[in-house]
Amino acid sequence: MATHDVTVFKPYDFRVGQKIFIEGGPRKGDWEVIAVTDRKVKLRCPFSKREFDWNRFCYVIEERKGVPWPGKE
């Protein structure tokens, strides 16, 4: 059997109260996790205070300590 390089992705286990930064894509920016279900995550923008329910979608790249949050609008 041949072997190949394989990239493995794992859904992120969101926790209510987390401050997160999404680095790219249409959801790019700072968010606060305000609710989590098996299928959905509810995020709030710290600037506009708008809330969005999305299918769980993120994967961890790295966790940073001591980072200013939220960033610039």
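The values are calculated or read from the model by the stated rules, or taken from the named source; none is laboratory data. Everything numeric in this text was worked out from a predicted model, so none of it was measured. Neighbour counts run over all protein chains shown; Cβ positions are idealised from the backbone, glycine included.
Tabulated results
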{"quantity": "Filter result (touching a strand residue (DSSP E or B) at 6+ places or on another chain (Cβ under 7 Å), over 15 Å from K19 (Cβ atoms) and not hydrophobic (A, V, I, L, M, F, W, C)) within segment 52-73", "calculated": "D53, N55, R56"}
{"quantity": "Residue in segment 49-63 that is loosely packed, with under 10 Cβ neighbours inside 10 Å and modelled with pLDDT of 95 or more present", "calculated": "yes"}
{"quantity": "Output for segment 8-37, where each listed residue is modelled with pLDDT under 95, assigned to a strand (DSSP E or B), of a type in the set (A, V, I, L, M) and loosely packed, with under 14 Cβ neighbours inside 10 Å", "calculated": "none"}
